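J.: Below: one structure in structure tokens.
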Amino acid sequence: MNLKALGCLLALVSVCHSAGAQQVVRLGNLKLAHFGAVSYIKEIAPQCGFKVEEHIFAKGLDVMQAIIAGELDVGTTASEAAILGRAGGAPIFVVAGFARGGARLVGRSDLQIKSVRDLKGKRVGVTRGAIQDVLLLAELHKHGMTASDQPGKDVRLVFLAYADLNHALLGRNIDAMMQSEPQSSQALSQGFGSEILKPYDTPIGEPVRTMVMTEKFYTQQRPLAEKFMRCFVQATKTFIEQPATAEKYVREVLFKGQLSSADFVDAIGNSPFSYDITPEHIQVTADTMLKTGVGRLRNLPTAHDWVRTDLLVAAKKTLGVK
């Protein structure tokens, strides 16, 4: 074989390899019940024409750090982590809202804590910087109460990871907690926690969990970003219309059988799967964070500059979702 023929053959092999190479989306996600539809994307991604590499993180701020480090294309967080990330220079756009709610104020079942005002003098556990932290401080602010992790305020804050809050409540190391799902549902069903309230009566309303894309992925890999968004809408549509599929996947795949059917139903009842988000919601959340001091925000990002829902609108239209 002469050099010219060899060169043509090598070029042909290279083209064939490139055509067969599967596009990959690097996804950062959390192991929480209402993050299940996003996780399900990786199961149906081959049908959508790409592959998902899912990386699980302990909290949304860790997802933001991975994005800043260039390790992810898409990430899921509560809105506060996205806001803090953008304020700190993370090159991201909010592109969808994949769940609503997902918070509950839970007291020890042996204590008579019936309202926010009953928290005076109590130890309340919460995950520092999480949306639950924002909601807790917004509730306390609404009732004219102060809080700190140091003595001298109305409420003593105890900062713990999601996974540790239930153990602290069960062990009576805290008196109440602002917890996520499904952990808050598990505290109720196991009898050591009682619901005080779902904290959706502040200006934030039901907090919307945010899906973010890097600016680079959104702008420079537009066809793949469009495919990903259509796959997200399809996964979410499946979970909303087929609750048995959602339950089976979340309980068996995400939680490896460690989540009961009743706890799943209760958790998703308080954190339903969704698609939409608005700049107004992100702005109100950011304003509340600034007012309550969560994250020590200094440069408040203007939501209309970085909430981009055009991919979502197009995907919903293509799949007939209203």
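J.: With a cut-off of 8 Å between alpha carbons and a minimum separation of six or more residues, what is the relative contact order of region 231-322 in percent?
T.: 28 percent
J.: Let me ask you something else. Counting C-alpha atoms alone, how compact is the chain: give Rg to one decimal and Dmax as a whole number, in angstrom.
T.: 21.8, 88
J.: Sort region 72-165 into rounded, prolate or oblate with this rule: let a ≥ b ≥ c be the square roots of the eigenvalues of the Cα gyration tensor; rounded if a/c is under 1.5, and if a/c is not under 1.5, prolate when a/b is larger than b/c, oblate otherwise.
T.: Note, shape of region 72-165 comes out prolate.
J.: What angle do you read, to the nearest 10 degrees and between 0 and 90, between the alpha-carbon axis of helix 3-20 and the longest principal axis of the chain?
T.: 30 degrees
J.: Over the chain, calculate the relative contact order: mean separation of alpha carbon pairs under 8 Å at least 6 apart, over the residue count, as a percent.
T.: Dividing the mean separation by the residue count of the chain yields 25 percent.
J.: What does the highest-first list of 25-33, 55-63 look like by mean Cβ count within 10 Å?
T.: Packing order, densest peptide first, comes out as 25-33, 55-63.
J.: Per the Kirkwood definition applied to all pairs of different Cα atoms, how many angstroms is the hydrodynamic radius of region 233-275?
T.: 10.5 Å
J.: Compute the signed sum of charges (Lys and Arg +1, Asp and Glu -1) over the other residues within less than 14 Å, Cβ to Cβ, of Q283.
T.: With Lys, Arg at +1 and Asp, Glu at -1, the neighbours total -2.
J.: When the distances between all Cα atoms of region 173-298 are binned every 5 Å from zero, what whole-number percent does each bin get?
T.: That works out to 2, 8, 13, 16, 17, 17, 15, 8, 3, 1, 0, in percent per bin.
J.: Taking +1 at the Cβ of each Lys and Arg and -1 at the Cβ of each Asp and Glu, which of V63, A82, G121 sits farthest along the dipole of region 24-135 towards its positive end, judged by Cα position relative to the Cα centre?
T.: G121
J.: Sticking with this one: Would you calculate the separation in nanometres between label points at M145 and K256, each defined as 7 Å from the Cα along the Cα-to-beta-carbon direction?
T.: 3.7 nm
J.: For K122 and K322 in the same chain, what is the full-extension length gain: residue separation times 0.36 nm, less their Cα-Cα distance, in nm?
T.: Taking K122 through K322 to full extension adds about 67.5 nm, to one decimal.
J.: While we're here: Evaluate the Debye formula for region 263-322 with equal point scatterers sitting on the alpha carbons, no solvent, and hand back log10 of I(q)/I(0) at q = 0.14, 0.21 Å⁻¹, in q order, two decimals.
T.: Taken in order of the listed q values, log10 I(q)/I(0) reads -0.62, -0.91.
J.: Per the Kirkwood treatment, what hydrodynamic radius in Å, one decimal, follows for region 186-241 from the mean inverse distance over all distinct Cα pairs?
T.: That comes to 15.1 Å for region 186-241.
J.: Against the longest principal axis of the chain, how steep is helix 222-241, in degrees 0 to 90 to the nearest 10, with axes from Cα atoms?
T.: 50 degrees
J.: Along the charge dipole of the chain, pointing to its positive end and built from +1/-1 on Cβ of Lys, Arg, Asp and Glu, which listed residue (A286, Q23, V253) has its Cα farthest out?
T.: The Cα lying farthest towards the positive end belongs to Q23.
J.: Using a Gaussian network model of the chain with C-alpha springs under 10 Å, which one of S39, S115, S185 is most mobile by mean-square fluctuation?
T.: S115
J.: Hey, how much of the P(r) for region 108-206 falls beyond 18 Å, as a percent of Cα pairs?
T.: 40 percent
J.: How big is the antiparallel share of DSSP beta bridges in the chain, given as a percent to the nearest 5?
T.: 55 percent
J.: Once you wrap a convex hull around the alpha carbon atoms of region 163-203, what is its projected area averaged over all directions, in nm²?
T.: Reported value for the Cα convex hull: 3.1 nm².
J.: Please state the charge dipole magnitude for the chain, taken about the Cα centre, from unit charges on C-beta atoms (+1 on K and R, -1 on D and E), reported in debye and rounded to the nearest 20.
T.: 240 debye
J.: Treating cross-link reach as a plain straight distance, find the lysines whose alpha-carbon is under 24 Å from the alpha-carbon of K31, omitting any fewer than eight places away in the same chain.
T.: K42, K51, K59, K198, K227, K237, K248, K256
J.: Please identify every one of the trypsin sites (Lys or Arg not before Pro) in region 188-281 that sits in a loop by DSSP and has no more than 14 other beta carbons within 10 Å of its own beta carbon.
T.: Of the trypsin sites (Lys or Arg not before Pro), the ones in loops of region 188-281 whose Cβ has at most 14 other Cβ atoms within 10 Å are K256.
No lab work stands behind these numbers, since they all come straight from the coordinates. Here the structure is a predicted model, which means the values were calculated and not measured. All Cβ positions, glycine included, derive from the backbone under ideal geometry; neighbour counts span all protein chains shown.
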